[in-house]
Amino acid sequence: MFNNKKELIFIALAMFFAADAITAELIGGKLINVFGFTLSIGVIPWPVVFIASDVINEFYGKVGVRRLSFITAGLIGYAYLVLWAAMSIPASPISPISDSVFINVFGQSAWLILGSLAGFVISQLVDNGVFWMLRKRTGHSMIWLRSTGSTVVSQLVDTVVVLGIGFYLQGKLTTGQYLHLIVNQYSFKLIVAIAATPLIYVGHNVIVKILGHDEAHKILEETAHQSLRVGKK
């Protein structure tokens, strides 16, 4: 079915990347309190997105991550269209879930959906760019720096864009509230990004073991060469 182990690994990573990104968007309307931070419960799947994105960057390059990001954004948009259609169809009188409950859970505003999609695409492109800028300077070493560094920058962008489009531009937040939420949510994302760093090494080592040391390092060399060439165009 698959030509080689490299393709199979990419498919597996892409599936987790897309599934977790879509799930995070769909469950994001519920707010939770974590150690004093008020956050969307959508933060639960995002560490997997961080890790998958960085591992894909490392082994499959700049172009692969960009394409996957756009595909995932399209899938998120499609999921929202399906939800819109589902909300438009009246519930049966015997349905255990009423229309009002269903809409309360899944009926996010168009502005919030737009903000989430814009934040996802822009932050992924920023993550991709920062990752390869750092990769050019660090070579094969310091995986932690390019992985964590790219996530730290991209998630600041994501937080600003999502809250800005989804809430601030609609007048639902004052400037002070907007800035407070940025600091609050970004601080938590920063902690998660740092805490997830060891898992980047775990994922990297697992792929090297599956592919074999020589084949894995050949792929890493080819990927770096192609991606850094793309950056020069």
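The values are calculated or read from the model by the stated rules, or taken from the named source; none is laboratory data. In this text, all values refer to a predicted model and were calculated from it rather than measured experimentally. FYI the Cβ positions are ideal-geometry reconstructions off the backbone, even for glycines, and counts take in every protein chain you see. Please note that ligands, DNA and RNA were not included when accessible areas were found on the heavy atoms of the full protein model with its side chains. Shrake-Rupley method; radii C 1.70, N 1.55, O 1.52, S 1.80 Å.
Can you confirm whether Gly74 is at pLDDT below 90, more than 23 Å from Gln226 (Cα to Cα) and of a type in the set (Gly, Ala, Ser)?
So Gly74 fails the test.
Where residues in region 134-145 are without any contact (Cβ under 8 Å) to a residue 60 or more places away in the chain and not small (Gly, Ala, Ser), which of them is surrounded by the fewest Cβ atoms within 10 Å (Cβ to Cβ)?
Result: Arg137.
I want to confirm something. Restricting to region 20-49 and keeping residues that are open to solvent by 50 Å² or more (accessible area, probe 1.4 Å), in a helix (DSSP H, G or I) and of a type outside the set (S, T, N, Q), which single residue is nearest to Leu190 (Cα to Cα)? Reasoning before the result, please.
Filtering region 20-49 for residues open to solvent by 50 Å² or more (accessible area, probe 1.4 Å) gives 23, 27, 29-31, 33, 35-36, 38, 44, 48.
With the extra rule that they be in a helix (DSSP H, G or I), the set shrinks to 23, 27, 48.
Applying the additional criterion that residues be of a type outside the set (S, T, N, Q) yields 27, 48.
Working: Ile27: 21, Val48: 14 Å.
My answer is Val48.
So Ala91 fits all but one of (1) crowded, with 17+ Cβ neighbours inside 10 Å; (2) in contact with a helix residue (DSSP H, G or I) (Cβ under 6 Å, 6 or more places away or on another chain); (3) of a type outside the set (Ser, Thr, Tyr); what number is the exception?
Of everything listed in (1) crowded, with 17+ Cβ neighbours inside 10 Å; (2) in contact with a helix residue (DSSP H, G or I) (Cβ under 6 Å, 6 or more places away or on another chain); (3) of a type outside the set (Ser, Thr, Tyr), Ala91 misses just condition (1).
Tally up the residues in region 153-180 that are under 19 Å from Val34 (Cβ atoms) and open to solvent by less than 40 Å² (accessible area, probe 1.4 Å), please.
Count: 5.
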